[in-house]
Each structure stands twice: as structure tokens, then as C-alpha cells.
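Visitor: Sharing a structure below in C-alpha cells format, with a few things to ask.
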Amino acid sequence: MAALLCEWIDRMLSSPRSPEAVAAFIEKMHIFHNIKEEHLFQIADYLEDRVFRAGQVILDSEQPSENFYIIYDGQVSLNYTDKGQQHLTLVPGDYCGADVFFPGKKKRNAKMTAKSDVLLLTLPSSVFGQIPEAVDFLRKQIEPFLSARKLLIKNNFSWVDENETVYFATRKHIILFWRRLPLSLILSLVAVAATCLSLWHGLMSLLILSLGLFAVS
């Protein structure tokens with residue numbers, strides 16, 4: 001019975017998907033937002049199915065990726081060695097192996113393991129030259145999210161749960177902080193500061209006057 005079940009799972013996971021079905025799945029992902037239909041179907045045409053069993057290593061840490069992976073079914077674990085978020089669980093619609101778009105950057109430090117039986121839509125780097133515009137679009141889309149993920153794994157944010165996937169996080173400049181504040185709050189803060197400054201000047205004037213009267217007497 002177990003063997004038959006495994007065989008049925010294999011057939012379900014490895015059954016070929018039409019480019020239309022793949023395109024319909026990936027276009028819902030944030031990294032494909034505003035992509036041209038032509039580029040969407042180019043990528044869908046080149047995505048290959050890869051099946052991994054639960055516990056199987058997809059890509060070891062420090063090993064450069066040769067493929068870009070999109071989780072179609074199942075879950076993938078990312079285990080980092082940094083001090084920040086050390087474990088990430090990716091689910092259908094998530095992606096990994098994005099460092100393949102940035103070959104000149106620092107190597108990855110995460111081990112990718114199939115948390116369950118998983119089906120990955122795989123885009124080999126060997127086809128990048130055949131669809132350069134589509135790949136360039138993906139690279140530009142992914143870069144800010146990749147930077148956000150690196151920020152998370154380098155810092156220990158207590159509010160991020162192991163089973164949560166954060167797509168975007170960034171450090172805010174102080175100028176952006178002030179720009180985000182409501183105008184009414186800014187005016188209130190200015191009024192409070194002006195009042196404190198006025199009181200300070202008043203106290204200093206009284207102090208100076210007191211010292212002058214003391215010196216005269």
C-alpha cells in the first residue's frame with residue numbers, strides 16, 4: 001500500500017503542466033507583477049518540473065545555485081547560519097535560489113531542504129541567454145526582496161515567526177521617518193519645542209536678572 005501511495009504521489013507531482021497552467025500560477029506572484037504577457041509565457045515555457053522527497057537536500061549551504069526555484073506544491077526549509085532568522089519555511093508561491101540572478105555577489109549561506117514532498121518549477125540558468133529581457137525583468141523585481149531577506153537573516157527580529165515569510169523589510173532613513181509623520185503631529189511637536197525654548201529663555205533671563213541684582217546689592 002505504501003509503495004502504491006508513493007507511486008501515485010510521484011505521478012501527481014511529476015505530471016506535466018501546460019505553459020498556460022504554469023503562467024496562470026506564477027503570474028499571481030509579486031515578482032511577476034506588471035510583467036509583459038510575452039515574457040510571462042517565455043518563462044513558463046522554460047520552467048521545468050523537479051520533484052524532491054521530504055528530507056532531501058535541494059541545495060547545500062555555500063553551494064552556488066544553478067537554478068531558480070518556484071515552489072509549486074509542498075514546503076521547503078531554508079536553514080541559515082547567521083544570527084538573525086535562522087529558519088524559513090517556504091510554501092507554494094514562494095521562491096528560492098534567487099542568487100542565480102546575481103552571480104558576482106556573495107555566495108548563499110542557506111541550506112535548502114524539502115520539508116515535505118515538494119514539486120519545484122525550475123528555471124535553469126542555462127536558458128537565461130535565450131530569454132534575456134524576461135530574465136532582466138525578474139532580476140530587477142527580485143533584487144529589493146533579496147536585500148530584505150538578507151536583512152532578516154542578519155538581524156534577530158523577535159516578531160518574525162519561523163513559519164512566516166517576510167518579502168520586504170528595509171532600514172528607514174530619519175528623513176523618511178519625518179516625511180511619514182502626519183502634518184498635525186509635526187506641528188504639535190514644533191509647538192511643544194517652541195514652548196520649551198520660550199520657557200528656557202524666560203528662566204535664563206530671570207537667572208541673569210537675579211545674578212545682576214545680587215551683584216548690585
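The values are calculated or read from the model by the stated rules, or taken from the named source; none is laboratory data. Computed from a predicted structure; not experimentally measured. Neighbour counts are summed over all protein chains in view; Cβ atoms, including those assigned to glycine, are modelled from backbone coordinates with ideal geometry.
Visitor: Could you tell me whether residue 61 is among the hydroxyl-bearing types (Ser, Thr, Tyr), farther than 18 Å from residue 126 by Cα and in a loop (DSSP other than H, G, I, E, B)?
Guide: The answer is yes for residue 61.
Visitor: Which condition number in (1) at pLDDT below 65; (2) assigned to a loop (DSSP other than H, G, I, E, B); (3) under 21 Å from residue 58 (Cβ atoms) is the one that residue 149 fails?
Guide: With (1) at pLDDT below 65; (2) assigned to a loop (DSSP other than H, G, I, E, B); (3) under 21 Å from residue 58 (Cβ atoms) applied to residue 149, the lone miss is (2).
Visitor: How many residues does segment 25-56 contain that are surrounded by fewer than 19 Cβ atoms within 10 Å (Cβ to Cβ), more than 22 Å from the chain's Cα centre (by Cα) and either hydrophobic (A, V, I, L, M, F, W, C) or part of a strand (DSSP E or B) (or both)?
Guide: 6
Visitor: Would you point out which residue out of 117, 82, 99, 136 is surrounded by 14 or more Cβ atoms within 10 Å (Cβ to Cβ) and either under 20 Å from residue 22 (Cβ atoms) or modelled with pLDDT of 95 or more (or both)?
Guide: Just one listed residue meets the conditions, 117.
Visitor: Could I ask something else about it? Yes or no: residue 123 surrounded by 13 or more Cβ atoms within 10 Å (Cβ to Cβ), in a strand (DSSP E or B) and touching a Phe, Trp or Tyr at 6+ places or on another chain (Cβ under 7 Å)? Break it down into steps so the answer makes sense when it comes.
Guide: On the way: surrounded by 13 or more Cβ atoms within 10 Å (Cβ to Cβ): yes; in a strand (DSSP E or B): yes; touching a Phe, Trp or Tyr at 6+ places or on another chain (Cβ under 7 Å): yes.
Yes, satisfied.
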